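> Let me begin by handing over the structure; questions about it come next.
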Amino acid sequence: MTSKKDIASKLQQLRDTISLHNYRYYVLDAPEIPDAEYDRLLRELQTLESAYPELITPDSPSQRVGAAPLKEFAEVTHAVPMLSLNNAFNDQEVEDFDRRVRERSGVSEVVYTAEPKLDGLAISLVYENAVLVRGATRGDGYSGEDVTQNIRTIHSVPLRLLGAAVPRRIEIRGEVIMTKQGFAKLNQDQQHKQEKIFANPRNAAAGSLRQLDPRITAARPLVFYAYGIGEIAANELSRQHSDMLKHLQSYGLRVSPDIQVVTGLQGCIEYYHYIANKRDALEYAIDGVVYKVDDLQLQESLGFVSRAPRWALAHKFPAQEEMTRVLAIDIQVGRTGTLTPVARLEPVFVGGVTVTNATLHNQDEIERKDVRVGDTVIVRRAGDVIPEVASVVLSQRPGDTVLFKMPAQCPVCGSQVIRLENEAAARCSGGLFCAAQRKQAIKHFAGRRAMDIEGLGEKLIDQLVDTGMIHDSADLYLLGFEQIAGLERMGDKSAQNLLDALQKSKSTTLPRFLFALGIRQVGESTAKALALYFGKLAPIMQADVIMLQQVPDVGPVVAQSIASFFAEPHNRGVIEKLRHCGIHWPDIEVTARAPLPLKGKTFVITGSLVSMGREAVKERLEALGAKVSGSVSKKTDYVIVGVDPGSKASKAQELGIPILEEAKLLALLNPGND
Ligand code: D41
């Protein structure tokens with residue numbers, strides 16, 4: 001018979017094994033065993049524990065989820081207050097900060113740790129004898145809420161700290177965040193379930209931690225990043241903040257891989273720009289960077305004023321969200337007839353630019369967010385993307401708002417508007433009868449990456465189409481000097497320049513020409529692939545869908561779109577006319593068919609991908625000629641970073657290897673989908 005002691009030691013062994021694999025998966029992002037094996041170990045533990053419930057320990061991996069819902073959160077007092085950060089909004093304020101630090105310390109050049117400022121929720125974790133005993137929100141800095149049950153469900157929070165030299169009691173501070181990908185996926189799921197949509201990853205993280213039922217929190221993709229120590233004096237562990245972070249890492253905690261040690265004001269400002277450039281590529285949302293005096297003794301001597309340390313500063317990015325009012329909702333008709341509702345806004349300064357329009361995407365989005373004319377809304381501008389309405393401030397809704405409804409007729413040409421099942425977009429059915437679609441098609445044709453007709457801008461095309469001087473892109477080449485010179489704001493000189501540009505554009509390449517035609521689903525790289533495969537235009541125009549799918553990257557949908565385009569007599573007519581006007585290109589010699597565009601490139605995948613399985617991604621990459629490897633080295637060309645990446649992503653950064661997020665990966669795998 002097995003003794004109780006044997007059972008206890010077997011349990012401990014199982015717990016240790018599972019914790020280790022948990023750490024490898026969620027903190028290092030380097031799993032050693034397949035998921036199924038991990039699940040098997042966990043089940044074994046659970047079975048054994050249910051037979052011997054008296055042997056269950058609080059740090060057992062089985063104890064992450066399963067606690068009963070609470071009625072309310074208990075209040076906890078922070079033994080050491082969780083201070084706040086002073087903010088700087090420009091370089092001058094950073095300069096002032098650095099000068100104050102230098103003057104007070106007498107140090108001529110200060111070394112700082114520079115960290116991304118994660119946009120999540122500040123959290124305190126207390127460990128006693130290495131075991132997690134409490135997780136609490138920051139609250140007002142003096143007291144917060146006890147959210148231990150919820151914190152336990154976060155896999156990157158160790159239930160037991162690693163290593164032998166852990167202080168008997170230690171309070172670790174950091175930020176709970178939701179990754180951008182996790183956030184997007186959560187909102188998708190919420191929408192399917194017709195549940196609350198979160199405005200941003202921060203709100204989603206906060207909402208998830210505020211659940212009384214830990215099972216809900218457990219289902220949310222939360223990550224904990226450590227940035228400091230509370231209760232125990234940090235300088236018992238280290239002399240430098242940066243060194244203390246290394247200790248935290250060795251305890252099995254996640255620390256942002258983007259933290260750097262920098263020197264002086266210049267180092268700080270350089271870091272700020274470095275992170276600002278990297279911001280969109282980071283897996284988590286940030287709202288600035290934080291500088292901290294690295295020397296812990298110096299930190300102590302600087303102390304704090306009111307509730308913020310003198311030794312730290314948050315250097316914030318310009319706000320990316322602002323409030324304004326919706327004056328009207330208009331419709332824009334795109335090249336392929338898509339009707340996009342656009343909010344006309346009271347001008348507002350967001351993230352460094354004045355915004356007057358924001359996209360509302362489509363009818364479903366408007367309904368989901370319940371945006372109405374007259375509403376006060378939050379406008380968001382992230383990176384270079386088009387500003388969007390993030391949410392409505394319902395508390396400020398006036399009584400006389402007007403609901404938006406997609407019109408049944410195209411506002412430009414009056415054709416019927418149709419919306420296919422399974423499609424979010426409503427489309428004008430007018431095709432090239434619709435002036436809006438014609439204008440967009442011509443703009444696309446003239447674009448820099450297409451026929452590159454210099455000086456033929458949006459306003460000019462609008463005039464040319466509105467006055468009936470041109471109906472299609474071929475008509476451009478039939479324009480005479482007098483006609484052009486007669487247009488608004490057109491001098492003789494500009495007219496001649498445009499004629500020269502038109503003349504110059506006639507000599508082009510087959511890929512450019514194919515792209516310029518504006519065939520749906522045919523982006524630049526598909527155009528290139530078609531040109532390389534067929535060499536000439538005629539066989540492309542004649543190819544059936546089966547033939548077309550021989551081209552790398554062309555699947556059934558793209559093939560159908562190409563075949564339908566060339567089957568349309570109007571399109572054949574325009575092509576004929578274009579060639580007649582003198583558009584020409586050299587044929588391409590087709591020697592090596594089916595080129596492999598990723599030949600010789602090595603990829604590494606880390607983290608989980610939301611839209612397709614790793615295996616599927618691997619297959620697709622290999623079909624394009626790439627190699628997919630398991631570990632990052634100097635030979636790696638790209639690292640694909642999914643949800644919850646870890647050491648491979650940081651290794652890639654160390655080695656300066658380009659990182660592909662999921663969206664970019666998809667663009668690479670499906671270059672034709674534009
Ligand atoms: O990433 C952050 N959000 C972050 C927040 C960070 N990297 N460092 C921080 N350091 C501090 C001090 C210097 C006061 C220990 C912080 C915060 N505080 C903080 N978070 C919320 C309030 C203050």
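> For residues that are part of a loop (DSSP other than H, G, I, E, B) and within 42 Å of the chain's Cα centre (by Cα), tally how many sit in region 481-532.
Kept after step one, since they are part of a loop (DSSP other than H, G, I, E, B), are these residues of region 481-532: 486-491, 506, 508-509, 517-523.
Cutting the leftovers down to within 42 Å of the chain's Cα centre (by Cα) gives us 489, 506, 508-509, 517-523.
Total meeting the criteria: 11.
> Confirm whether Glu115 is at pLDDT 95 or above, under 19 Å from Leu302 (Cβ atoms) and either part of a strand (DSSP E or B) or away from the ligand (no atom under 16 Å from the Cβ) (or both).
Numbers: at pLDDT 95 or above: yes; under 19 Å from Leu302 (Cβ atoms): yes; either part of a strand (DSSP E or B) or away from the ligand (no atom under 16 Å from the Cβ) (or both): yes.
Considered against the rule, which asks whether it is at pLDDT 95 or above, under 19 Å from Leu302 (Cβ atoms) and either part of a strand (DSSP E or B) or away from the ligand (no atom under 16 Å from the Cβ) (or both), Glu115 comes out as yes.
> Further question: Starting from region 291-312, take each residue that is at pLDDT below 95 and list its partners that are near the ligand (Cβ under 8 Å from one of its atoms) and small (Gly, Ala, Ser), counting only C-beta distances under 7 angstrom and pairs at least six apart or across chains.
Every condition considered, the pairs that remain are Arg307/Ser84; Arg307/Gly141; Ala308/Ser84.
> Could you figure out which of (1) surrounded by fewer than 18 Cβ atoms within 10 Å (Cβ to Cβ); (2) in contact with a helix residue (DSSP H, G or I) (Cβ under 7 Å, 6 or more places away or on another chain); (3) farther than 21 Å from Pro586 by Cα isn't true of Val557?
(2)
> Condition (residue is in contact with a Pro (Cβ under 8 Å, 6 or more places away or on another chain), at pLDDT below 95 and not hydrophobic (A, V, I, L, M, F, W, C)) applied to region 118-125: is it met by at least one residue? Can you show your working first?
Pass one, region 118-125, residues in contact with a Pro (Cβ under 8 Å, 6 or more places away or on another chain): 119-120.
From what's left, at pLDDT below 95: 119-120.
Narrowing further to those that are not hydrophobic (A, V, I, L, M, F, W, C): 119-120.
Yes: one or more hits.
> Which strands (runs of 3 or more DSSP E) sit wholly inside region 119-183 and have at least 1 residues that are away from the ligand (no atom under 16 Å from the Cβ)?
Counting at least 1 such residues, we get 121-128, 131-137, 169-178.
> Only one residue in Glu115, Glu109, Glu128 is surrounded by fewer than 16 Cβ atoms within 10 Å (Cβ to Cβ), touching a strand residue (DSSP E or B) at 6+ places or on another chain (Cβ under 7 Å), touching a residue at least 40 places away in the same chain (Cβ under 8 Å) and closer than 30 Å to Ile151 by Cα, so which one is that? Talk me through it step by step, then tell me what you get.
On the way: Glu115 fails: surrounded by fewer than 16 Cβ atoms within 10 Å (Cβ to Cβ); Glu109 fails: closer than 30 Å to Ile151 by Cα.
The conditions single out Glu128.
> Here is a list of conditions, (1) away from the ligand (no atom under 16 Å from the Cβ); (2) within 27 Å of the chain's Cα centre (by Cα); (3) free of Cβ contacts under 8 Å to residues at least 60 places away in the same chain; (4) not in a loop (DSSP other than H, G, I, E, B), and Asn203 meets all of them except one; can you say which number that is?
(1)
> Scan (1) modelled with pLDDT under 95; (2) surrounded by 21 or more Cβ atoms within 10 Å (Cβ to Cβ); (3) among the β-branched types (Val, Ile, Thr); (4) within 30 Å of Gln149 (Cβ to Cβ) for the single condition Val333 breaks and write down its number.
Status for Val333: all satisfied but (4).
> Okay, moving on. Mind listing whichever residues of region 362-379 are buried (at least 17 other Cβ atoms within 10 Å of the Cβ) and more than 19 Å from Met323 (Cα to Cα)?
Within region 362-379, Asn362, Gln363 meet the criteria.
> A further question on this structure: Tally the residues that are of a type in the set (A, V, I, L, M, F, W, C) and modelled with pLDDT of 90 or more, restricting the search to region 42-72. I'd like the intermediate steps shown before the answer.
Step one: of region 42-72, the residues of a type in the set (A, V, I, L, M, F, W, C) are 42, 45, 48, 51, 55-56, 65, 67-68, 70.
Filter again for modelled with pLDDT of 90 or more, leaving 42, 45, 48, 51, 55-56.
Within region 42-72, residues that are of a type in the set (A, V, I, L, M, F, W, C) and modelled with pLDDT of 90 or more number 6.
> Between residues in region 64-85 that are without any contact (Cβ under 8 Å) to a residue 12 or more places away in the chain and residues that are assigned to a loop (DSSP other than H, G, I, E, B) and within 12 Å of the ligand (Cβ to nearest atom), which pairs lie under 9 Å by C-beta distance while being six or more apart or on different chains?
From residues that are without any contact (Cβ under 8 Å) to a residue 12 or more places away in the chain, there are no pairs.
> Here is a follow-up. Quick check on region 269-307: of everything there that is of a type in the set (Ser, Thr, Tyr) and surrounded by fewer than 18 Cβ atoms within 10 Å (Cβ to Cβ), which residue is nearest to the chain's Cα centre (by Cα)?
Tyr274
> Right, next: I want to confirm something. Restricting to region 209-245 and keeping residues that are in contact with a Leu (Cβ under 7 Å, 6 or more places away or on another chain) and of a type in the set (D, E, K, R), which single residue is farthest from Gly163 (Cα to Cα)?
Checked region 209-245; the qualifying residue farthest from Gly163 (Cα to Cα) is Arg220.
> Here are some conditions: (1) within 16 Å of the ligand (Cβ to nearest atom); (2) over 26 Å from Val262 (Cα atoms). Val101 meets all but one. Which one does it not meet?
Status for Val101: all satisfied but (2).
> I've got another one for you. For region 291-305, name all the residues that are in contact with a His (Cβ under 9 Å, 6 or more places away or on another chain), assigned to a strand (DSSP E or B), within 12 Å of the ligand (Cβ to nearest atom) and not β-branched (Val, Ile, Thr). Please lay out each step first, then the result.
Going through region 291-305, the residues in contact with a His (Cβ under 9 Å, 6 or more places away or on another chain) turn out to be 291-296, 299.
Keeping just the survivors that are assigned to a strand (DSSP E or B) gives 291-293, 295.
The next check asks that each one be within 12 Å of the ligand (Cβ to nearest atom); those that pass are 291-293.
Scanning region 291-305 gives Tyr291, Lys292.
> Give the number of residues within region 246-290 that are outside any helix (DSSP H, G or I), farther than 30 Å from Gly163 by Cα and either away from the ligand (no atom under 14 Å from the Cβ) or of a type in the set (S, T, N, Q) (or both).
Number of matching residues: 1.
> I would also like to ask the following. So, in region 85-102, of the ones that are assigned to a loop (DSSP other than H, G, I, E, B) and at pLDDT 90 or above, which residue ends up surrounded by the fewest Cβ atoms within 10 Å (Cβ to Cβ)?
Initial filter on region 85-102 (assigned to a loop (DSSP other than H, G, I, E, B)): 85-86, 89-90.
Next cut, at pLDDT 90 or above only: 85-86, 90.
Details: Leu85: 19, Asn86: 17, Asn90: 10.
Step by step, filter region 85-102, then rank; the result is Asn90.
> Suppose we keep only residues that are part of a loop (DSSP other than H, G, I, E, B) and exposed (fewer than 12 other Cβ atoms within 10 Å of the Cβ) within region 560-586. Which one would you say is modelled with the highest pLDDT? Steps first, please.
Residues of region 560-586 that are part of a loop (DSSP other than H, G, I, E, B), as a first pass: 568, 581-583, 585-586.
This time we only want the ones that are exposed (fewer than 12 other Cβ atoms within 10 Å of the Cβ), so: 582, 586.
Values: Gly582: 95, Pro586: 92.
In this case the residue turns out to be Gly582.
> Among the residues of region 224-245 satisfying the criterion of being surrounded by fewer than 17 Cβ atoms within 10 Å (Cβ to Cβ) and in a helix (DSSP H, G or I), which is modelled with the highest pLDDT?
Checked region 224-245; the qualifying residue modelled with the highest pLDDT is Asp243.
> It is to be established whether one or more residues within region 211-223 are in a strand (DSSP E or B) and closer than 29 Å to Gln181 by Cα. Before the answer, list the steps.
Applying the first criterion (in a strand (DSSP E or B)) to region 211-223 yields 222-223.
If we keep only those that are closer than 29 Å to Gln181 by Cα too, we end up with 222-223.
Yes: one or more hits.
> Right, next: Condition test on Gln191, is it more than 26 Å from Asp364 (Cα to Cα), more than 14 Å from the ligand (Cβ to nearest atom), in contact with a Lys or Arg (Cβ under 9 Å, 6 or more places away or on another chain) and not small (Gly, Ala, Ser)?
Values: more than 26 Å from Asp364 (Cα to Cα): no; more than 14 Å from the ligand (Cβ to nearest atom): yes; in contact with a Lys or Arg (Cβ under 9 Å, 6 or more places away or on another chain): yes; not small (Gly, Ala, Ser): yes.
No, not satisfied.
> Among the candidates His21, His78, which residue alone is within 16 Å of the ligand (Cβ to nearest atom) and surrounded by 12 or more Cβ atoms within 10 Å (Cβ to Cβ)? Before you say what the answer is, go through the steps one by one.
Details: His21 fails: within 16 Å of the ligand (Cβ to nearest atom).
Only one candidate qualifies: His78.
> Being surrounded by 12 or more Cβ atoms within 10 Å (Cβ to Cβ), in a helix (DSSP H, G or I) and not hydroxyl-bearing (Ser, Thr, Tyr) is the filter here, so list the residues in region 26-55 that pass it.
Initial filter on region 26-55 (surrounded by 12 or more Cβ atoms within 10 Å (Cβ to Cβ)): 26-31, 33, 37-38, 40-42, 44-46, 48-49, 52, 55.
Right, trim to in a helix (DSSP H, G or I) and you get 26, 37-38, 40-42, 44-46, 48-49, 55.
Listed by number, the residues that qualify are Glu37, Arg40, Leu41, Leu42, Glu44, Leu45, Gln46, Leu48, Glu49, Leu55.
> How about region 306-350: which of its residues are of a type in the set (Lys, Arg) and either away from the ligand (no atom under 16 Å from the Cβ) or in a strand (DSSP E or B) (or both)? It would help to see each step written out before you state the result.
Filtering region 306-350 for residues of a type in the set (Lys, Arg) gives 307, 310, 316, 325, 335, 344.
Within region 306-350, Lys316, Arg325, Arg335, Arg344 meet the criteria.
> Say we look at region 606-646 and pick out the residues that are in contact with a strand residue (DSSP E or B) (Cβ under 8 Å, 6 or more places away or on another chain) and small (Gly, Ala, Ser); which of these is nearest to Ala30 (Cα to Cα)? Walk me through how you get there before you give the answer.
The initial filter retains those residues of region 606-646 that are in contact with a strand residue (DSSP E or B) (Cβ under 8 Å, 6 or more places away or on another chain), namely 606-610, 614, 617-618, 621-622, 626-632, 635-646.
With small (Gly, Ala, Ser) added as a condition, the list becomes 607-608, 626, 629-631, 642, 646.
Details: Gly607: 9, Ser608: 12, Ala626: 22, Ser629: 13, Gly630: 10, Ser631: 9, Gly642: 13, Gly646: 7 Å.
Step by step, filter region 606-646, then rank; the result is Gly646.
The values are calculated or read from the model by the stated rules, or taken from the named source; none is laboratory data. What you see is a predicted model, and the numbers here were worked out from it, not measured in a lab. Please note: Cβ atoms are built from the backbone with ideal geometry, for glycine as well, and neighbour counts cover all protein chains shown.
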